1. Give the calculated FRET efficiency between residue 123 and residue 225 to the nearest 0.05, with a Förster radius of 45 Å applied to their Cβ-Cβ distance.
2. Using a 10 angstrom cutoff on alpha carbons, build the Gaussian network for the chain and name the most mobile of 219, 283, 55.
3. Nearest 10 degrees, 0 to 90: what angle lies between the long axis of helix 213-226 and the longest principal axis of the chain (Cα atoms)?
4. Apply the a/c threshold of 1.5 to the C-alpha gyration tensor of segment 300-397 and tell me whether it is rounded, prolate or oblate.
5. Cut-off 10 angstrom, C-alpha nodes, Gaussian network model of the chain. Which of 47, 376, 114 fluctuates the most?
6. To make sure I understand, if each residue's beta carbon is the centre and we count other beta carbons within 10 Å, what order do 374, 268 fall in, fewest to most?
7. Distance cut-off 23 Å, Cα to Cα: go down the list 222/287; 222/276; 46/87; 291/355 and report the pairs above it.
8. Which of [x] 1.03; [y] 1.24; [z] 0.93 is the computed Cα Rg over 2.2 N^0.38 Å for the structure on display?
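No value in this document is a laboratory result; all are computed from the given coordinates. A quick note: this is a predicted structure, and the numbers were derived from the prediction, not measured. FYI the Cβ positions are ideal-geometry reconstructions off the backbone, even for glycines, and counts take in every protein chain you see.
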Amino acid sequence: MRTLALFGGFALIGALIFTIVSFSAAPAQQPATAQPFTETLRERLKRLPGDYRGWAELGSQYVDQARITGDPSYYAKAEGALVTAAKLAAGDDAVLTGQAALAAGRHEFSDAVRLAERAIAANPYGAAAHGVLADARTQLGDLRGAERAVATMMDLRPGVATFARASYAAELRGDPAGAREYLERAHDDAWLPADLAYTRFYLGELALHSGDLATANDWYTKALQAYPAYTPALAGQARAAALGGRLPEALDLYERVVERLPLPQYLIEQGETRLKAGLKADWTLLKAQQKLFEAAGVRDDLTWAEFEADHGDPASAVEHARAEYTRNPNLVAADALAWALYKAGKPGQALPYAKKATSTGWRNPLLRYHRATIERALGRSAVRVDPGFDPALPALARFS
């Protein structure tokens, strides 16, 4: 889900939330290029402390750094910069958009919608605010509202960020051909190395989840050729290797991935691949990351609901999943709650949520597998399961 997941780290289920920085520059920019810009901006603000747009931009840079590095401490820095910006110009659209992006990064999507709408009221032509609004509405399960925001973006500023969101909207409504077409348009529009890597990576993800591992791996390779530092593409290669049965190769790749970017999604994928290979999974670093995110104010019940359901305590999974679904009643949260309830021995309670998770026609093999398993447990005819889906590697089927 390319607009849902908050930077993998927090639930890389999909989507990258585009901050103001990533909207106007590169959706996957790496620290090697972003950090010097942040330092330069901080030097400028020492000379011009009243530059509220500069403070808003710095806050947005920090939100982007949290996404890039998986280090949630950047959220506190972002909050500090945005508080300063708001003291100088509370109603400025750039300040409000930065605050909305921060709220989204922390999984406070209702706040993100409220702030993005205030930014749009202040400046209806700010495409970045419409982007944050689209992402937050998607997380809240308001797909029609998200599509309206994307349509407005398309009118205001068609480009990589807009086409990527349109692609994800098509994917969610069960239109993989449309999703691919929009991503191809994004790729055609891209020229920065990071943009090329980003669009190629998601073309690979579409191929991977349709079962075409060779095409997926080819796109991941091309993404790394465009931008060797783009870690998601390296993780994509690891997924393709694992799903193709090349477990030693996959584990070697995952070692490189988590050395670069130890996000929970990647750590879970690595652990599952180790289990598939007959090795022991070590969740120590994953649990440490959980504590770091919680300390930074990031609410990520979704990741832990999914993890506990597959690898831990079903009762804890239900607790996390209910909390997530209550706040953000989207398709993935519905699936997480369904699977947690099933694992807790409550398939009858699980089925309505599994049906909701698959109600739009989204061709997500993990969601379909969960629903089929629940239906069979109830003695009902089950939906068709993707024959290429591997129940031993569920995290690898979660959309990045």
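1. Numbers: r = 38 Å, r/R0 = 0.85.
Computed FRET efficiency for residue 123 and residue 225 comes out at 0.75.
2. Highest fluctuation of the listed residues: 283.
3. 20 degrees
4. Working: a/c = 1.36, a/b = 1.33, b/c = 1.03.
Cα axes put segment 300-397 in the rounded bin.
5. 47
6. Working: 374 26, 268 23.
Final ranking by Cβ density, sparse to dense: 268, 374.
7. Over 23 Å Cα-Cα: 222/287; 222/276; 291/355.
8. Read-out taken from this structure: [z].
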